[in-house]
Amino acid sequence: MNDGAHRAHKPAFPAGPPTWPLLDDDVRAAMLACYASGDWGRYEGAHSAAFVQALAEKFQTEQAILCASGTIAVELALRGLKVGAGDEVILAGYDFPGNFRAIEAVGARPVLIDVVKNGWTIDLQQLAAAKAATTKAVIASHLHGHLAPMRALLEQAHSLGLKVLEDACQVPGALIGGRPAGSWGDVGVLSFGGSKLLTAGRGGAILTSQADVAQRIRSFTFRGNEAYPLSELQAAVLLPQLDKLAARTHTRAVAAARLIEELRDVSKLQAGPANDPADLSAFYKVAWRYQTAEGGVQPDCSNPSRDRLICALQAEGIAIDAGFRGFNKRSANRCRVVGELSQAQAAAEATLVLHHPILLQNQEQTALLAATIRKVVTQA
Ligand SMILES: *Cc1c(COP(=O)(O)O)cnc(C)c1O
């Protein structure tokens, strides 16, 4: 029998990527306690109140408002900033798709500007040129472990009369200038979606230290009952995760840095610009741009050579996917575009994102991951 040529290729990670959410005894205990107390079936209880307080403490904001998702948190945050019909909101041409829709949902119009060179975060250089008389706010998302420069952004935006919505859905636990990501903007948002670093399957939160912003959000969402609630059970399972966030953020940051460093000389993989070394990032995804010599990108930003590479990496048991599709192809009826968006387009065509759970595994797993990515990319 020929046991060489025809034997199926054995994946580097035969069991596939590590599962998420983690099996966590403290989460289990929280669920069981909710069952025993009956809180799982109640509208209201102590868990939500405790979680609100814990969030406000950890994120150093005056207020935290719980809601049903990160997606609705962005919309509610815009409402809190008094953005409405006839207004404009600036966002990057490469961002979470729901952020574009949230602007439309409040009756406002997206204004697209580019992302930084070789990166994924909004390019401040373009802010002033993008502002018109009706422009009210800017959305800045920290994406794929890359932190938007919040201090400079706030200064510039405020001097232009723009409010700042900070989307920290991908980076809970990150620190910028010593302060938590999510606490810098006039309003910040978090997600507790099923794949996110803090998870309850669904859920989100809005962070602000401005009483009027919080008040406007509460008067919109509270209709004798919460219109976009987070449940007691969700709050109960999030509390122990918040306690462990700092330690896990650190572990993931170490693993991500090692991975990026080990792959730095692979010419087809371009890591983004480095964050300020004094900052601590959080990694929901680790990203690279995949540079291929051949063109072949389709008009809709799909990229067959990237798709083939993703298939090959997934066949090794690695949780790698394409990044966001970007907004380059959005109809001009739906938004105002400032500049060429060439970096946003390149990001949409070339971004690869690695999902975070493997970053909590041991160093041997990270080394095997780096070696496997190197091999597959080099052979592609
Ligand atoms: C996941 C995500 C959201 C939305 O969160 P959901 O809770 O899934 O609705 C918003 N912005 C960014 C950048 C995200 O990654």
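Each value in this text was obtained by applying a stated rule to the coordinates, not by laboratory testing. Here the structure is a predicted model, which means the values were calculated and not measured. Heads up, the Cβs are rebuilt from the backbone with ideal geometry, glycines too, and the neighbour counts pull from every protein chain shown.
Positive-end ranking of Pro180, Tyr228, Val111 along the dipole of the chain, with charges on Cβ about the Cα centre, is headed by Val111.
With the simple spin-label model, which puts each label point 7 Å out from Cα in the Cβ direction, the Tyr43 to Ser267 separation comes to 6.6 nm.
Shape summary of the chain, radius of gyration then Dmax from alpha carbon positions: 21.3, 76 Å. With the simple spin-label model, which puts each label point 7 Å out from Cα in the Cβ direction, the Arg308 to Thr19 separation comes to 3.5 nm. Sorting the segments 307-317, 361-371 by their residues' average number of neighbouring beta-carbon atoms within 10 angstrom, most packed first, yields 307-317, 361-371.
About its Cα centre, region 282-374 has a charge dipole of approximately 400 debye under the convention of +1 per Lys or Arg Cβ and -1 per Asp or Glu Cβ, with nothing else charged. Calculated FRET efficiency, Ser342 to Met31, Cβ-Cβ distance, R0 = 45 Å: about 0.40 to the nearest 0.05. Give me the lysines in straight-line cross-link reach of Lys58: C-alpha distance below 30 Å, same-chain residues under 8 apart excluded. Partners within reach: Lys82, Lys136, Lys163, Lys196, Lys244, Lys285. Does region 246-379 come out rounded, prolate or oblate, given a ≥ b ≥ c as the square roots of the eigenvalues of its C-alpha gyration tensor, rounded meaning a/c under 1.5 and, failing that, prolate meaning a/b above b/c? Judged from the Cα gyration tensor, region 246-379 comes out oblate (a/c at least 1.5, b/c at or above a/b).
Extension gain for the segment Lys10 to Lys117, taken as residue separation times 0.36 nm less the Cα-Cα distance, is 34.7 nm to one decimal.
When only alpha carbons are used to place a centre, region 11-40 and region 53-85 end up 26 Å from one another. For Lys375 and Ala211, a Förster radius of 41 Å and the Cβ-Cβ distance give a FRET efficiency of 0.15, rounded to the nearest 0.05.
Residue by residue, region 218-235 carries 3J(HN,Hα) couplings of 5, 6, 7, 8, 8, 10, x, 7, 6, 7, 10, x, 9, 7, 4, 5, 4, 4 Hz when phi is fed to the Karplus relation 6.51 cos²θ - 1.76 cosθ + 1.60 (θ = phi - 60°); x denotes Gly or Pro. Highest mean first, the peptides 63-72, 253-262 sorted by other C-beta atoms within 10 Å per residue fall in the order 63-72, 253-262. Entry note, the chain: the mean residue ellipticity at 222 nm calculated from DSSP H runs of n ≥ 4, each adding -39500 (n - 2.57), is -11500 deg cm²/dmol after division by the residues and rounding to the nearest 500. Rounded, prolate or oblate: which one fits region 188-312, using the alpha carbon gyration tensor with axes a ≥ b ≥ c (rounded when a/c is under 1.5, else prolate when a/b beats b/c, else oblate)? Note, shape of region 188-312 comes out prolate.
Remark: relative contact order (the chain) = 23 percent; criterion is Cα-Cα distance under 8 angstrom and separation of 6 or more residues.
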